[in-house]
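Read the figures in this text as sums done on the coordinates, not as results from a lab. If you're wondering where the values come from, they're calculated on a predicted model, not measured in any experiment. Positions of Cβ are backbone-derived with ideal geometry, glycine not excepted, and every protein chain shown enters the neighbour counts.
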Amino acid sequence: MSEALVASEAAEADTGSVLAPASGARQFWRRLRARRAALVAASVVALLVLVALAAPLLTAVEGQNPTDYHPGLVDSASGGVPVGAFGGVSADHWLGVEPQTGRDLFARLVYGARVSLGVALAATLIQVLLGIAVGIGAALGGRWIDQLLDRVTDIIIAMPLMIMALALLAIVPDGFPRPVLVAAIIGLVAWGSIAKIVRAHTLTLKELDHVAAARLAGWGPWHVARRELLPALAAPVLTYAALLVPVNISTEAALSFLGVGVKPPTPSWGQMLTQADVWYQAAPQYLLLPAGALFVTVLALTVLGDGVRTALDPRAGSRLRVGTGRKREAKA
């Protein structure tokens, strides 16, 4: 998906079409409100973020902790299956307990949201900062700097993210904070696509009259970038960043599922899926709950990212056929 988006964005830049930011916040919100699917997705994302931030409060209300073991709530004779109906659901354990360990499933689910969302957002921030720095540096630098940074970016894009992340995570000592490490590795290995987008737009923007006038006036590259380029780059950067978040959530879940991501006892949705693959028959909720949370989160962020993209750039049609009725698009 990222390679196709890079190609389309570069093609637009080559033909002289640059994503212009909306003329004001009011227009942006009006266009976004016209897309009901984007508003619903934004509400879901806001709710997920609120749950992640309020995880300590929610678990305190329930009276449980994500790392506390409850061996009396599992049947050791049957291999650790939770005792009771629906995986041990009760007034003390709202979603039941984990097989074998008896740890509270609700507490692990809401704390897992903190890890999954936090890793994805931190990785996206690293990708955006590196992509902007390299893309603008390549476009404003001399010929040799542009070629050097462009070749480095090509190498980064060509690297298989999962294989590189697996290799790097396997050699780092276990004592290093795993969520921080996963976010850093995803961000440092996957910034190439956004660097290509920023470079393509900057090459077109620097030929505009006001940017050329600023350079002729003696402004330095940093001054030109800060005053003239960054405001115009806000729309494409925010658009691509919104689409990177669900990709990074899926990547963190995949790494944890493969056993090299977040380590126990720190809860993570991907880690919960790893431990649930042998319990889907005896305790199906242990598999369905983290899988459902991942699905809803990735879907909501994808729809929201598409809505932000079309709100910032009304000339571009939606890539999703959700909430894109002709009347709402004409009104926007």
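Shape class for the stretch 100-177: prolate, because the ratio a/c of the largest to smallest gyration tensor axis (alpha-carbon atoms, square roots of eigenvalues) is 1.5 or more and a/b beats b/c. Selection among Ala91, Val45, Leu121 by position relative to the dipole of the stretch 2-331 gives Val45 as farthest towards the positive end (Cβ unit charges, Cα centre). Each peptide in 211-224, 46-59, 230-243 was scored by the mean count of other Cβ atoms within 10 Å over its residues; highest first, the order is 230-243, 46-59, 211-224.
Please compute the contact order of the stretch 2-331 in relative form: average sequence separation of alpha-carbon pairs under 8 Å and at least six residues apart, divided by the residue count, as a percent. Before the final figure, lay out each step's value.
Working: 486 pairs, mean separation 85.3, N = 330.
Result for the stretch 2-331 is 26 percent.
So how many Å³ per residue does the convex hull of the Cα atoms of the chain work out to?
Values: hull volume 52.8 nm³, N = 332.
Output value, Cα hull per residue: 159 Å³.
Residues whose amide H comes within less than 5 Å of that of Val81, counting only those at least five positions distant or on another chain, are Asp75, Gln100 (H built at 1.01 Å from N in the peptide plane). Gap in Å between the Cα centre of the stretch 37-63 and the Cα centre of the stretch 122-190? After rounding, the separation between the Cα centres reads 30 Å. In the elastic network of the chain, a GNM with C-alpha springs shorter than 10 Å, the most mobile of Val74, Val303, Val182 is Val74. Helix by helix through the chain, keep the DSSP H runs that span 24 Å or more along the axis on Cα and average at least 0.0 on Kyte-Doolittle, and give those back in order. The qualifying helices are 36-53, 105-140, 230-257, 285-312. Which of the three applies to the stretch 242-307, rounded, prolate or oblate, going by the alpha-carbon gyration tensor with a ≥ b ≥ c and a/c under 1.5 meaning rounded? Oblate. Considering only Thr101, Thr124, Thr153, the mean-square fluctuation computed in a Gaussian network model of the chain, springs between alpha carbons under 10 angstrom, is largest for Thr101. Remark: the stretch 2-331 carries a charge dipole of roughly 1400 debye about the Cα centre, counting +1 on each Lys and Arg Cβ and -1 on each Asp and Glu Cβ. Identify, among Val237, Pro177, Ala276, the residue whose Cα sits farthest towards the positive end of the charge dipole of the chain, taking +1 on the Cβ of Lys and Arg and -1 on the Cβ of Asp and Glu, with the dipole about the Cα centre. Highest projection toward the positive end goes to Val237.
Counting only C-alpha contacts under 8 Å and six or more residues apart, can you give the relative contact order of the stretch 148-219 as a whole percent? Let's see the in-between values first.
Details: 27 pairs, mean separation 28.9, N = 72.
Normalised by residue count, the contact order of the stretch 148-219 is 40 percent.
Among Gly80, Gly142, Gly118, the largest mean-square fluctuation in a Gaussian network model of the chain, built with springs joining Cα atoms closer than 10 Å, belongs to Gly142.
Near Arg114, once Lys and Arg are set to +1 and Asp and Glu to -1 for all other residues with Cβ below 14 Å from its Cβ, the sum equals +1.
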